[in-house]
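Below is one structure, written out as structure tokens, with a few remarks after it.
The values are calculated or read from the model by the stated rules, or taken from the named source; none is laboratory data. Model, not experiment: these values are computed from the prediction. All Cβ positions, even for glycine, are placed from backbone atoms using ideal geometry, and neighbour counts span all protein chains on display.
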């Protein structure tokens, strides 16, 4: 539910940003993909955060540009100042671009210190539900 | 003759005391909406702001439909929105959800301030003598709002809007929005602020348009700052740095 609310908020207030940004309709919010890389640029900003990761994978070594939730939504999802710094190795969970190219919309992140913020995965939601029901 | 003055003064004093207590009592009866509020969803209901989302067809005039369709055709391919360009939602979208962000209300007898976190939109609702003369009002996306109390219900009338085809409830500059606010208890006993909205607009609608928005009180809640135009400034500085370095 939190994920849905966050995404809805982002789409309603932001949707798309300045010309350098991708439009929200280009992201596939039904899918989640994890990308790990070294932070080259990170700005917690409204209406969308900006992130550039240096990534090494089977496609090779390159810089990938991402955008994501507003600072306010990230804050409410657990982000705090200086959690992500240039040079950190982090993993971001993204709604990938529909055309399959590099980049995406960051919905959650695992910081260098191991702190995760953002939307919870379905598995985490399920685990919390079971815990609340006293089954785990 | 001289004896009448003390009697008259006594009567006047008594009248003033009555008026004072009547006024205090009248204010004491009015609920206090001061605080931070976030979207309240009925148990089992889906979330959502309502500001620019979908919904059933609206009773639009043909002229209004054409304007909205023209706008949609322009932005649909790219998904652009006013918010993406740091423009506030405007009424009635701001009060119907403001993108799912919270709002804060500060209430005084003569003025109520509503701050929507998204884009730091502010509405001022004037009551009694604080009302601005009609000819002195500046139109805008959130318009101009007068308020009055009907028992425990705050009635807010908003006019002086500019035409906005970029909202779920698109409207012309002739639109009039009436909001009726009252407090209720939610399913878990929480305090819920209910806003019933009715919009009339002879240019855009053939019948009144209505919607209900519910807000839950956030105990000791705080709004976050929402700077949005910073990106423009960062980009400009990058341009200047590149120019200074002799780059294109």
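If I ask for residues that are in a strand (DSSP E or B), in contact with a helix residue (DSSP H, G or I) (Cβ under 9 Å, 6 or more places away or on another chain) and within 13 Å of chain B (Cβ to nearest Cβ), which ones from the stretch A:48-71 would you list?
Listed by number, the list holds a single entry, A:50.
Of all the residues that make up the stretch B:124-155, how many are at pLDDT 95 or above and within 30 Å of residue B:69 (Cα to Cα)?
7
When you scan the stretch A:37-47, do you find a residue that is more than 9 Å from chain B (Cβ to nearest Cβ), loosely packed, with under 15 Cβ neighbours inside 10 Å, modelled with pLDDT under 80 and over 18 Å from residue A:95 (Cα atoms), even just one?
no
Of all residues in the stretch B:107-139, which are in a strand (DSSP E or B), in contact (Cβ under 8 Å) with a residue 24 or more places away in the chain and under 13 Å from the mean Cα position of the chain (by Cα)?
B:112, B:115, B:116, B:121, B:123, B:125 - these are the residues of the stretch B:107-139 that are in a strand (DSSP E or B), in contact (Cβ under 8 Å) with a residue 24 or more places away in the chain and under 13 Å from the mean Cα position of the chain (by Cα).
Quick one: in the stretch B:77-94, which of the residues that are free of Cβ contacts under 8 Å to residues at least 40 places away in the same chain and facing chain A (nearest Cβ under 8 Å) is surrounded by the most Cβ atoms within 10 Å (Cβ to Cβ)?
Here the residue is B:83.
Among (1) within 14 Å of another protein chain (Cβ to nearest Cβ); (2) in contact with a helix residue (DSSP H, G or I) (Cβ under 8 Å, 6 or more places away or on another chain); (3) over 25 Å from residue B:85 (Cβ atoms), where does residue B:205 come up short?
Unmet for residue B:205, out of (1) within 14 Å of another protein chain (Cβ to nearest Cβ); (2) in contact with a helix residue (DSSP H, G or I) (Cβ under 8 Å, 6 or more places away or on another chain); (3) over 25 Å from residue B:85 (Cβ atoms): (1).
For the stretch B:86-99, which positions are at pLDDT 90 or above and either out of contact with any helix residue (DSSP H, G or I) (no Cβ under 9 Å at 6 or more places or on another chain) or assigned to a helix (DSSP H, G or I) (or both)?
B:90, B:91, B:92, B:93, B:94, B:95, B:96
Give the residue, chosen from B:184, B:179, B:157, that is closer than 28 Å to residue B:42 by Cα and over 13 Å from the mean Cα position of the chain (by Cα).
After applying the criteria, what remains is B:184.
Sort through A:24, A:20, A:16, A:95 and tell me the only one that's within 14 Å of chain B (Cβ to nearest Cβ), within 14 Å of the chain's Cα centre (by Cα) and at pLDDT below 90.
Checking each option against the conditions leaves just A:24.
I'm trying to understand the selection: among the residues of the stretch B:216-240, which are away from every other protein chain (no Cβ under 14 Å) and in a helix (DSSP H, G or I)?
B:240
Return yes or no: is residue A:6 more than 7 Å from chain B (Cβ to nearest Cβ) and either in a helix (DSSP H, G or I) or modelled with pLDDT under 90 (or both)?
Yes, satisfied.
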